[in-house]
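Q: After the structure tokens below, expect a handful of questions from me.
The values are calculated or read from the model by the stated rules, or taken from the named source; none is laboratory data. Values in this document were obtained by computation on a predicted structure and should not be read as measured data. Here Cβ is always computed from backbone atoms with ideal geometry, including for glycine, and neighbour counts include all displayed protein chains. Surface accessibility is based on the protein's heavy atoms, side chains included, excluding ligands, DNA and RNA. Shrake-Rupley method; radii C 1.70, N 1.55, O 1.52, S 1.80 Å.
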Amino acid sequence: MSNSNTITVTSPLLPDLEEFNQLLEMIWGSKWITNNGSFHNRLESALCEYLKVPYISLFTNGTLPLLTALQALRITGEVITTPYSFVATTHSIWWNNCKPVFVDIDPVTGNIDPDKIEAAITPKTSAIMPVHVYGQPCDTKRIQEIADKYGLKVIYDAAHAFGVEVDGESILKAGDLSTLSFHATKVFNTIEGGAMVMHDAEMKKRIDYLKNFGFAGETEVVGPGINSKMDEVRSAYGLLNLQQVDAAIDARHHVAIQYREALRGVPGITFFEDMPGVRHNYSYFPIFVSEKEYGMSRDDLYFKMKEKGVLGRRYFYPLISSFSTYRGLPSASPANLPQAHKIADSVICLPIHHGLFQKDVDLVIKCITNNH
Ligand SMILES: Cc1ncc(COP(=O)(O)O)c(C=O)c1O
């Protein structure tokens, strides 16, 4: 949110209230408010078209499709993953009684380093769960080659990767399953919400059963399902937001261009450039602060920005592997994750969203460049 006092890291994309009211009246009129309603089904079709994917299943948030993906593929034992993500990624592995095995990241992308995956594979490994962090595409080809070689499943946490394409193809088609988050902070939001993307109708049917308690009809339960059905109100909200998401991504892109122009050449500040052939969604704008070259620590800059009303976020710090739940795991040792620690200790995500004013962007830039 952007008001006279603070500039927040993001701001929810909200549909026009009058248009939303019209859809609410239709929902009230139909008295069908959840369980495969018409807005739910329309949103699934519209998302398949927008995202260029064959099948999608809506969820109530972005955590439950992760849990359900592991269930659906009957993953057991060890799951290789990245420590540089939001904690829900690793929690989903833990909730499935599997052991997360952390692998270090590639500092060029922030994503799991494919070169380090093979060394982490044991006879107990059954899956890899990479994250397209900040919407930066993972090296899906290399990861698939490794998965095929060892007979592993791949579940992508694509919570940040809405609309991201590589050479005109959706990144969501990679791996066995991909999951999305439609949380209020995301590029496309349904307030709370999420989805799973799959390759075939059989898997879609299975996931649809699992997100509805395992029900396959009125009297049959085919698995230990959960309740994660998206309701009509949020589906209608999503349909309206989908119409304006391209404009929101363009607005974010415009901010990213300005940040890059202003910060390129500032000693000790680095950031990601666009990747060739990739349609980015500009969901985040992380910068990395080298204290030695910049002359100020990441935290000092972060708090200095805060004093001026610029609320960046230290995403993702601390690393998931540093939280008490996970730090006892052998793979959580800092010696195993040097690049992830380096990036987590230097990152600040700058404000980026559709509602930033030019003066906001200028102030963010000033906070960083004025120390020089
Ligand atoms: C990488 C990642 N995975 C999973 C999630 C969980 O999504 P949700 O908050 O919709 O449950 C998030 C959410 O913020 C995320 O950033």
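Q: Scan (1) assigned to a helix (DSSP H, G or I); (2) over 30 Å from residue 164 (Cα atoms) for the single condition residue 361 breaks and write down its number.
A: Failed condition: (2).
Q: Determine which member of the set 217, 175 is without any contact (Cβ under 8 Å) to a residue 12 or more places away in the chain and assigned to a loop (DSSP other than H, G, I, E, B).
A: Values: 175 fails: without any contact (Cβ under 8 Å) to a residue 12 or more places away in the chain.
The conditions single out 217.
Residues are listed down the side, and each one gets a yes or a no for (1) more than 22 Å from residue 352 (Cα to Cα); (2) touching a residue at least 24 places away in the same chain (Cβ under 8 Å); (3) open to solvent by less than 60 Å² (accessible area, probe 1.4 Å):
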residue	(1), (2), (3)
7	no, yes, yes
22	yes, no, no
40	yes, yes, yes
46	yes, yes, yes
53	yes, yes, yes
57	yes, yes, yes
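Q: For residue 265, all conditions in the list (1) modelled with pLDDT under 95; (2) in contact with a strand residue (DSSP E or B) (Cβ under 9 Å, 6 or more places away or on another chain) hold save one; what is the number of the exception?
A: (2)
Q: Now, a different point. Which residues, taken from segment 165-185, are within 14 Å of the ligand (Cβ to nearest atom) and surrounded by fewer than 24 Cβ atoms within 10 Å (Cβ to Cβ)?
A: If the condition is that a residue be within 14 Å of the ligand (Cβ to nearest atom) and surrounded by fewer than 24 Cβ atoms within 10 Å (Cβ to Cβ), then 183, 184, 185 are the ones that fit.
Q: One residue is enough: does segment 127-145 have a residue meeting the conditions over 28 Å from residue 347 (Cα atoms), crowded, with 19+ Cβ neighbours inside 10 Å and more than 13 Å from the ligand (Cβ to nearest atom)? Spell out the reasoning first.
A: Keep residues of segment 127-145 that are over 28 Å from residue 347 (Cα atoms), which gives 127, 144-145.
If we keep only those that are crowded, with 19+ Cβ neighbours inside 10 Å too, we end up with 127.
So of that shortlist, the ones also more than 13 Å from the ligand (Cβ to nearest atom) come out as 127.
Scanning segment 127-145 turns up at least one residue that is over 28 Å from residue 347 (Cα atoms), crowded, with 19+ Cβ neighbours inside 10 Å and more than 13 Å from the ligand (Cβ to nearest atom).
Q: Further question on the same structure: Select from segment 260-274 the residues that are among the acidic types (Asp, Glu) and open to solvent by 70 Å² or more (accessible area, probe 1.4 Å) and write down the one among them that is nearest to the chain's Cα centre (by Cα).
A: Keep residues of segment 260-274 that are among the acidic types (Asp, Glu), which gives 261, 273-274.
Then drop every residue that is not open to solvent by 70 Å² or more (accessible area, probe 1.4 Å), which leaves 261, 273.
Values: 261: 26, 273: 18 Å.
Of everything passing the filter in segment 260-274, 273 is nearest to the chain's Cα centre (by Cα).
Here is a yes/no grid of residues against (1) touching a residue at least 24 places away in the same chain (Cβ under 8 Å); (2) surrounded by fewer than 20 Cβ atoms within 10 Å (Cβ to Cβ):
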site	(1), (2)
221	no, yes
258	yes, yes
277	yes, yes
280	yes, no
283	yes, no
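Q: Restrict the check to segment 200-208 and report whether at least one residue is surrounded by 20 or more Cβ atoms within 10 Å (Cβ to Cβ) and either of a type in the set (Gly, Ala, Ser) or within 16 Å of the ligand (Cβ to nearest atom) (or both).
A: So far as segment 200-208 goes, no, none of its residues is surrounded by 20 or more Cβ atoms within 10 Å (Cβ to Cβ) and either of a type in the set (Gly, Ala, Ser) or within 16 Å of the ligand (Cβ to nearest atom) (or both).
Q: When you go through (1) closer than 30 Å to residue 355 by Cβ; (2) open to solvent by less than 50 Å² (accessible area, probe 1.4 Å); (3) not β-branched (Val, Ile, Thr) one by one for residue 244, which number turns out not to apply?
A: Of (1) closer than 30 Å to residue 355 by Cβ; (2) open to solvent by less than 50 Å² (accessible area, probe 1.4 Å); (3) not β-branched (Val, Ile, Thr), only one is false for residue 244: (2).
Q: Further, regarding this structure: If residue 82 satisfies every condition in (1) more than 15 Å from the ligand (Cβ to nearest atom); (2) open to solvent by less than 10 Å² (accessible area, probe 1.4 Å); (3) among the β-branched types (Val, Ile, Thr) but one, which is the exception?
A: Every condition holds for residue 82 apart from (1).
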